[in-house]
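Undergrad: Here's a structure for you.
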Amino acid sequence: MDGGGEEEPEWQERALCAQTDPEAFFPEKGGSTREAKRICGGCDVRAECLDYALAHDERFGIWGGLSERERRRLRRGELGAVI
C-alpha cells in the first residue's frame, strides 16, 4: 500500500497484507471484503494501519480491517470501538 511517494512507514513491513495478494484489499465495487478483513483480524499492526488510513484520508481499500464506508462512519463517530 503506497502513501503517494512518501517513505513507507515501518509498520507496513510487518503487515500481513504485505505478504498476501493486494487484490483482496481493493475489491471491485460491490465485491467481498471478507478475505481482507479476515487477514486484518490476525494482523499485529492493524491499529497502526487504521490510524494511518484515517490520518491520510485513504479513500479506497481495506485498511486496519475497515472498508472506506466503515472508516467514514468511524470519523463521524457512528461506530463504537472497532479494534
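Undergrad: Return the loop-located GluC sites (Glu not before Pro) in region 26-65 (DSSP other than H, G, I, E, B) with at most 12 other Cβ atoms within 10 Å of their own Cβ; answer none if there are none. The partial results should precede the final answer.
TA: Details: sites: E28, E35, E48, E58; in loops: E28, E58.
Qualifying residues, ordered by number: E28.
Undergrad: Same structure, new question: Test of understanding: in a Gaussian network model of the chain with alpha carbons linked when under 10 Å, which of G64, G41, G30 would top the mean-square fluctuation ranking?
TA: G30
Undergrad: Using θ = phi - 60° and the Karplus form 6.51 cos²θ - 1.76 cosθ + 1.60, what ³J(HN,Hα) does each residue of region 62-78 get, whole Hz, x for Gly and Pro?
TA: 9, 10, x, x, 10, 6, 4, 4, 5, 5, 4, 5, 4, 4, 7, x, 8
Undergrad: Another question, then. With the Cα gyration tensor of region 10-75 giving a ≥ b ≥ c as the square roots of its eigenvalues, does the rule (a/c under 1.5 for rounded; else a/b larger than b/c for prolate; else oblate) give rounded, prolate or oblate? Display every interim value, and only then the final one.
TA: Details: a/c = 1.70, a/b = 1.06, b/c = 1.60.
The shape class here is oblate.
Undergrad: So for the chain, averaging the separation of alpha carbon pairs under 8 Å that are six or more residues apart and normalising by length, what relative contact order in percent results?
TA: 25 percent
Undergrad: Loop by DSSP (not H, G, I, E, B), at most 10 other beta-carbon atoms within 10 Å: where is the longest site-free stretch of the chain for trypsin sites (Lys or Arg not before Pro)? The partial results should precede the final answer.
TA: Working: sites that count: K29, R59, R76.
Longest run free of exposed loop sites: 30-58.
Throughout, read-outs are computed from the coordinates displayed, never taken from laboratory work. This is a predicted model, so every value here is computed, not measured. Backbone-built Cβ (ideal geometry, glycine too); neighbour counts: all protein chains shown.
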